[in-house]
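The values are calculated or read from the model by the stated rules, or taken from the named source; none is laboratory data. It should be emphasised that the depicted structure is a prediction, and the values quoted were computed from it without experimental measurement. Here the Cβ is made from the backbone with ideal geometry for all residues, glycine too, and neighbour counts use every protein chain on show.
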Amino acid sequence: MATADKRPYKVIGTRPVRHDGADKVTGRAKYGGDMRLTGMLYGAMVRSPHAHARIVSIDTSQAEALPGVRAVVTSADMPAQGDRVVELGEGAANMRHLTANILARDKVLYRGHAVAAVAADNVHIAEQAARLVRVEYEVLQPVMNVLDAMRDDAPILNDDVRTESLGAAPQSPDQSRPTNIAKHFLFEKGDVAKGFAEADLVIEHEFDTAMVHQGYIEPHNATALWNTDGRITIWMSTQGSFTARQQTAELLRVPVSSVKVVPMEIGGGFGGKISVYLPPVAALLSRKTGRPVKLQMSRADVFEATGPTPGSHMRLKLGVTRDGRITAGEAWIAFDAGAYPGSPVGMACMCVFACYDVPHGRVEGFDVCVNKPRTNAYRAPGSTHVAFAIETIVDEICEKLGLDPLEFRLKNASREGTRRVDGPVFPRIGMVETVQAIRDSQHYQSPLAGPCRGRGVASGFWFNVGMKSSVTATVNLDGTVSLIEGSTDIGGTRTSIAMQLAETLGIAAEDVNPTVVDTDSIGYTDVTGGSRVTFATGIAAVEAARDIQRQMVQRAALLWDVDPAAVKYDDGRLLGPAGKQFTFKELAAEIHQTGGPIIGSGTSSSATQGGAFGTHCVDVEVDPETGKVQILRYTIAQDAGTAIHPSYVEGQMQGGVVQGIGWALNEEYWYDDRGTMRNATYLDYRLPTCYDVPMIETMIVEVPDPQHPYGVRGVGEVPICPPPAAIANAIYHAVGVRMRRLPMSPPNLLSEILQRFQD
Amino acid sequence: MAKKRVVSATINGEVVEFLCEPRQTLLEVLRDTLDMTGTKEGCSNGNCGACTVLLDGRPVVSCLVLAMEADGSEIRTIEGVARGSHLDEVQQAFLEGAALQCGICTPGFIMQTEALLQANPNPTEEEIRFYLAGNLCRCTGYDKIVRAVQAAAQKRLATT
């Protein structure tokens with residue numbers, strides 16, 4: 001559904017076949033794991049079997065003696081970092097922590113933590129040699145739970161961590177001794193005590209969510225060549241070639257210009273392929289051997305040693321008047337950061353009340369180290385956790401007050417001008433429109449009958465980011481345009497960028513040939529993340545197209561011998577005085593005779609996004625004998641601003657929903673008391689399969705974002721936020737049980753159902 | 001390390017001979033020895049289906065087949081699906097239906113779909129979802145994949 005003053009577009013809103021499609025359905029596309037180089041060696045990592053231990057000694061002699069082994073490296077081969085904090089394009093990072101995560105120095109902090117690496121003639125020899133590296137450990141007590149890790153007597157992971165306070169902390173933390181609490185956030189708005197005093201109903205609950213993984217199908221990989229001239233080339237799957245380049249350079253302490261990252265096709269990321277793990281190790285092995293070295297993780301390594309999203313403990317309190325107006329909200333949120341600081345708890349604090357106009361609010365957040373892998377971004381990082389808490393409390397309030405949950409949301413929804421609890425004021429946003437879309441949907445209007453069936457709704461918010469992008473575009477003599485960009489394409493963005501260039505030039509999408517290139521071949525471009533590529537790289541493409549327009553106008557003016565001011569670029573045509581006219585293709589054929597090649601360039605760096613909202617509706621059926629939840633029907637309404645390629649917008653919405661369903665119903669890191677993950681395979685971790693889910697019905701709401709020339713809003717992340725809450729609400733309406741723990745897996749739900757029948 | 005042996009198989013219609021060790025999987029030989037990297041590796045323990053190929057017409061996860069077991073067999077991989085430069089109905093339907101995002105699972109889904117439509121040319125949605133449940137996709141939520149399979153089936157039925 002389209003809203004408001006939508007301009008007619010010729011290319012935008014159509015559904016061309018993606019430019020990289022033929023390669024991807026024939027097996028020709030080259031992903032990171034498909035890299036082969038002459039003389040290439042294969043590597044294997046040595047990983048810790050303990051969740052928390054001191055490294056006493058490492059003996060690599062037996063491994064080095066195995067025929068076919070070419071090199072072994074440990075943290076002793078990594079340059080010292082000191083106490084540097086470096087901005088890496090995905091936020092600042094403490095380099096001492098980052099390097100210790102690549103190859104452990106004095107301690108291992110999670111099972112699967114890398115301690116050494118081997119390069120050999122083939123992968124079998126490398127794996128055999130890895131087993132021959134003798135590491136002596138002094139095993140320490142692990143701490144696996146965020147609340148346990150916050151206690152004064154908890155085992156300490158990092159001796160150098162002191163609590164850093166952001167916002168007006170009530171009392172300054174003890175800086176004299178190490179702690180697992182790396183950060184303490186505090187956001188306040190208004191007078192919370194006054195707000196709760198005005199409330200007729202106050203609901204407060206505690207919530208727990210399990211650590212979950214992004215689950216991309218392609219394992220991490222990197223192939224590195226450290227050449228004799230000191231230049232390093234990395235071929236890898238990454239969400240951001242420039243941040244991968246910078247991280248690798250900083251970790252190896254070489255100039256950033258001596259590293260070239262070649263982004264191969266990438267098999268999913270969802271935030272998990274921003275941090276580097278393998279490239280510096282492959283580079284060190286290459287320097288030692290003088291040959292290219294390829295490293296690839298096993299599936300268990302991906303689960304145990306990359307960057308999942310935190311588990312959490314949250315306490316949330318909401319006050320409302322009898323007629324359903326929110327008066328105050330208070331949240332206490334603790335995230336397990338994993339081994340090193342850096343969970344997205346700060347963003348969770350900013351998201352928790354973002355869907356609503358909360359006059360008085362207070363949010364506290366804690367970033368806490370535990371003996372699990374260092375967490376990383378996962379699709380709207382932090383927002384899904386808090387949406388589960390706030391959106392189930394809203395549902396409970398509506399039930400207690402007898403209000404329709406969508407009318408309650410409309411009454412309290414954030415709008416243009418609403419001030420968030422963390423400070424910023426919303427520009428034009430589409431929260432209200434997504435709620436209205438669900439309210440008016442055939443799904444919400446339809447009856448739902450049958451035992452143990454229930455319907456739930458929930459909303460969600462994500463910021464979306466702008467950041468930096470570069471595009472260059474060359475006009476070919478046949479009137480096509482070659483587009484060069486630095487944004488790695490994970491879900492069809494070559495096409496959504498090409499379509500914006502095509503729209504601006506007034507040519508067909510098929511007449512643009514987009515290519516993603518390496519870090520030596522395009523200007524700086526930030527990660528494919530933050531729902532930013534179609535927005536920000538799109539702006540850069542529009543700028544490049546306008547640059548081409550200006551040059552084409554000059555060429556036409558030259559040919560017609562008129563002042564360029566007398567030439568107008570209009571919808572793929574150049575219009576001159578006295579009815580003179582060129583089509584884009586006609587003029588393109590003349591460019592070599594009028595001054596040579598035309599290359600347009602564009603960048604985006606200052607634009608920011610207005611934010612994305614979605615509202616979801618789900619019907620479930622609960623089996624009260626087993627606790628299994630079946631999704632019967634699912635509808636998502638989301639504000640896409642302007643949908644450039646509707647099929648890929650729908651695809652993001654559907655994919656995000658199904659990831660959210662997995663998070664809600666199945667997925668969790670399942671640890672034993674020694675800190676060993678017991679389900680580090682797909683079969684036991686249990687991603688949703690196509691047999692678990694129905695078709696996902698989509699409603700694209702379009703409230704154009706004025707910060708983008710075509711009104712684009714990023715669509716990738718926010719669809720994952722509402723599903724756990726929407727499903728929890730549906731479960732309540734099916735069987736009368738309020739779930740406050742994720743996942744709502746059969747055993748967890750069944751125990752709540754049995755509890756309810758006992759009470 | 002056991003000695004390498006010569007294995008002979010028909011791959012995408014051509015007789016291919018290769019040397020392999022007993023411990024090497026069909027997946028490893030396809031990708032590393034024969035440089036047919038269209039068959040993808042997602043988990044190497046049979047859970048994800050990205051490495052699905054047809055072995056004597058049957059869909060198998062090639063990470064759980066030893067290369068030596070393929071001796072004398074007929075193998076079809078993603079590289080053998082298109083007819084010359086023409087995509088087949090399944091590939092075309094995946095493209096037109098935007099049934100892929102990152103594309104890493106796509107070769108496995110296409111091979112599994114080829115096997116499905118061979119066995120059942122007009123499957124219901126339920127039958128499609130059941131048959132493809134061994135292939136994991138993390139990007140699409142499966143909606144557009146199931147629709148692409150339905151579209152490919154209809155196109156084949158209309159033309160045969």
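Residues of the stretch B:144-160 that are within 18 Å of the chain's Cα centre (by Cα) and either facing another protein chain (nearest Cβ under 8 Å) or of a type in the set (Asp, Glu) (or both): B:145, B:146.
Quick check on my filter: what residues within the stretch A:646-658 are of a type outside the set (A, V, I, L, M, F, W, C) and within 7 Å of chain B (Cβ to nearest Cβ)?
To start, the set of residues in the stretch A:646-658 that are of a type outside the set (A, V, I, L, M, F, W, C) comprises A:646-648, A:650-652, A:654-656.
Of everything in the stretch A:646-658, those that are of a type outside the set (A, V, I, L, M, F, W, C) and within 7 Å of chain B (Cβ to nearest Cβ) turn out to be A:647, A:648, A:651, A:654, A:655.
Output yes when any residue across the stretch B:72-95 is within 19 Å of residue A:689 (Cα to Cα) and assigned by TED's automatic domain parsing to the domain that holds residue B:141, and no when none is. Yes: the stretch B:72-95 contains one or more residues that are within 19 Å of residue A:689 (Cα to Cα) and assigned by TED's automatic domain parsing to the domain that holds residue B:141. Might you let me know whether the stretch A:273-291 holds any residue that is surrounded by fewer than 23 Cβ atoms within 10 Å (Cβ to Cβ), at pLDDT 95 or above and assigned to a strand (DSSP E or B)? No.
Criterion applied to B:68, B:36 was being closer than 30 Å to residue A:39 by Cα, of a type outside the set (Gly, Ala, Ser) and part of a loop (DSSP other than H, G, I, E, B), and the one residue passing it is B:36.
Quick one: is residue A:682 facing chain B (nearest Cβ under 9 Å) and touching a Leu at 6+ places or on another chain (Cβ under 7 Å)?
The answer is yes for residue A:682.
Would you say residue A:437 is outside any strand (DSSP E or B), crowded, with 22+ Cβ neighbours inside 10 Å and in the same structural domain as residue A:405 (by TED's automatic domain parsing)?
On the way: outside any strand (DSSP E or B): yes; crowded, with 22+ Cβ neighbours inside 10 Å: yes; in the same structural domain as residue A:405 (by TED's automatic domain parsing): yes.
Against the criterion (outside any strand (DSSP E or B), crowded, with 22+ Cβ neighbours inside 10 Å and in the same structural domain as residue A:405 (by TED's automatic domain parsing)), residue A:437 qualifies.
Residue A:587: among the aliphatic types (A, V, I, L, M) and surrounded by fewer than 17 Cβ atoms within 10 Å (Cβ to Cβ), yes or no? It is false that residue A:587 is among the aliphatic types (A, V, I, L, M) and surrounded by fewer than 17 Cβ atoms within 10 Å (Cβ to Cβ).
Looking only at residues of the stretch A:14-54 that are away from chain B (no Cβ under 14 Å) and surrounded by fewer than 21 Cβ atoms within 10 Å (Cβ to Cβ), we find that the one that is farthest from residue A:678 (Cα to Cα) is A:39.
The strands (runs of 3 or more DSSP E) found wholly in the stretch A:586-647 and carrying at least 1 residues that are touching a Cys at 6+ places or on another chain (Cβ under 7 Å) and not β-branched (Val, Ile, Thr) occupy A:612-623.
Within the stretch A:476-529, the set of residues being within 14 Å of another protein chain (Cβ to nearest Cβ), surrounded by 24 or more Cβ atoms within 10 Å (Cβ to Cβ) and more than 23 Å from the chain's Cα centre (by Cα) comprises A:499, A:509. The residues of the stretch B:88-143 that are facing chain A (nearest Cβ under 7 Å), over 21 Å from residue B:39 (Cα atoms) and assigned to a helix (DSSP H, G or I), listed by number, are B:96, B:129, B:130, B:143. Residue count for the stretch A:320-355, restricted to those that are of a type in the set (Phe, Trp, Tyr) and either in the same structural domain as residue A:391 (by TED's automatic domain parsing) or free of Cβ contacts under 8 Å to residues at least 60 places away in the same chain (or both): 1. Every test in (1) touching a Lys or Arg at 6+ places or on another chain (Cβ under 9 Å); (2) within 12 Å of chain A (Cβ to nearest Cβ) is passed by residue B:66 save one, and that test is (2).
For the stretch A:123-131, does any single residue satisfy the condition of being part of a strand (DSSP E or B) and not basic (Lys, Arg)? Talk me through it step by step, then tell me what you get.
As a first pass, look at the stretch A:123-131 and keep what is part of a strand (DSSP E or B): none.
No, there is no match, as no residue in the stretch A:123-131 is part of a strand (DSSP E or B) and not basic (Lys, Arg).
Total residues in the stretch A:345-374 satisfying the condition of being more than 18 Å from residue A:329 (Cβ to Cβ) and in contact with an Asp or Glu (Cβ under 7 Å, 6 or more places away or on another chain): the figure is 4. Scoring residue A:581 on the criteria (1) closer than 17 Å to residue A:728 by Cβ; (2) without any contact (Cβ under 8 Å) to a residue 40 or more places away in the chain; (3) of a type in the set (S, T, N, Q) leaves a single failure, condition (1). Where strands (runs of 3 or more DSSP E) sit wholly within the stretch A:148-242, those with at least 3 residues that are surrounded by 15 or more Cβ atoms within 10 Å (Cβ to Cβ) and modelled with pLDDT of 95 or more occupy A:181-189, A:201-209, A:221-226, A:232-236.
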